[in-house]
Amino acid sequence: MDARIEQAKQVMAAGLPGMFIAFEGPDGSGKSTQFRRFAALAREAGVTVCEVREPGGTPIGEQIRHVLLDRQNEVMCVRCEMLLYMASRAQLVEQTIRPALAAGQLVLADRFVASTLVYQGAAGGMGQDEIAAVAAVATGGLEPDLNVVFDVDTETASGRLSPLLDRMEAKGRAFHEKVRAGYQGLVRSRPDRYVSIDASRDPEEVWKSCLETMVGRISRK
Ligand code: TMP
């Protein structure tokens, strides 16, 4: 793996500055672990990395995150939910993402618009076109160059979650099956912007395939 890591770092150093990459997947996919690993390797390669997470990532966004994930807000309707995710995103794009891209940094996002298309759209029942229209307003049309989707079956994913589920995690199996299917649909319909990684295996195996896949995509850029 060592020679491969060195080769990966060279590709990363050349290709990642100014790129915008989102890590996506169902709850329990292990994406955040892979996210941290990828960010660390990019830094080792000499790339300046701007890490953001959604919902949140800014002081205003973190307050919105609290409202969204609070289990006391069970009555929140899907349109309110969608708009709050987008409000958090609008602030993040303006305050953090655009300035970082303008400075030639790599922006790594733990979730972005794809999460809304899948959680509030495919699983929550809102139309993809409606969500895309609001996303265009919230982001000013900014899209990740690449969405890396960590695909995992619902059984394996739920076994990885802590027993203290937040409001979204507590939505039940049928909802999370639709989340997974929603991601798979996006990967099929936008192969230029989405890539899927089998995340049901152990973290080391997932990391190897994540790195290989991403290096392939970065060098094609
Ligand atoms: P996290 O657990 O990855 O931090 O994400 C928080 C939860 O919010 C997770 O269950 C996915 C959900 N979510 C949406 O439903 N819509 C969105 O647009 C985003 C960004 C997250």
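Only protein heavy atoms count here; under a 1.4 Å probe, E94 has an accessible surface of about 140 Å². Here the sum of -39500 (n - 2.57) over DSSP H runs of 4 or more residues, divided by the residues of the chain, equals -16000 deg cm²/dmol at 222 nm, to the nearest 500. Helix 203-220 and the long axis of the chain differ in direction by around 70°, with both axes built from C-alpha atoms. Here the label points at A103 and E130, each 7 Å from Cα along the C-beta direction, are separated by 3.8 nm in the simple model. May I ask for the angle, rounded to the nearest 10°, between helix 59-69 and the longest principal axis of the chain, with both axes built from Cα atoms and the value confined to 0 to 90°? Compared with the principal axis, the helix lies near 50 degrees.
Measure nothing fancy, just the Cα-based angle from helix 78-92's long axis to the longest principal axis of the chain, in degrees from 0 to 90, nearest 10. For helix 78-92, the angle is close to 40 degrees. Reducing segment 150-192 and segment 22-88 to their Cα centroids gives an inter-centroid distance of 15 Å. Rolling a 1.4 Å probe across all protein chains gives E6 an accessible area of roughly 100 Å². Relative to the 2.2 N^0.38 Å rule of thumb, segment 2-219 has a C-alpha radius of gyration ratio of 0.98. FRET efficiency for the pair E177 and R43, taken as 1/(1 + (r/R0)^6) with r the Cβ-Cβ distance and R0 = 30 Å, rounds to 0.25. With a Förster radius of 35 Å applied to the beta-carbon distance between R188 and V75, the computed FRET efficiency rounds to 0.55. Of all lysines in the structure, the ones whose alpha carbon falls short of 19 Å from that of K178, not counting any fewer than 8 places away in one chain, are K31. Residue order by solvent-accessible surface for T33, T156 is T33, T156, largest first, with ligands and nucleic acids left out and a 1.4 Å probe. Accessible surface of D70, taken over heavy atoms with a 1.4 Å probe and every protein chain present, rounds to 40 Å². Once backbone amide H atoms are built at 1.01 Å from N, Q105 has G18 as its partners under 5 Å, excluding neighbours fewer than 5 places away on the same chain.
Going by accessible surface with a 1.4 Å probe and the largest first, R220, R111, R193 read R220, R193, R111. Annotation for E94 and R36: the two label points, set 7 Å from Cα along the Cα-Cβ direction, are 3.2 nm apart. Taking 7 Å steps out from each Cα toward its Cβ at A170 and T156 produces label points 2.8 nm apart.
The values are calculated or read from the model by the stated rules, or taken from the named source; none is laboratory data. Bear in mind the structure is a predicted one, so any value in this text is a computation, not a measurement. Cβ sites come from the backbone with ideal geometry, for glycine too, and all protein chains shown count toward neighbours. We work out accessible area using only protein heavy atoms, side chains counted, and drop any ligands, DNA or RNA first. Shrake-Rupley method; radii C 1.70, N 1.55, O 1.52, S 1.80 Å.
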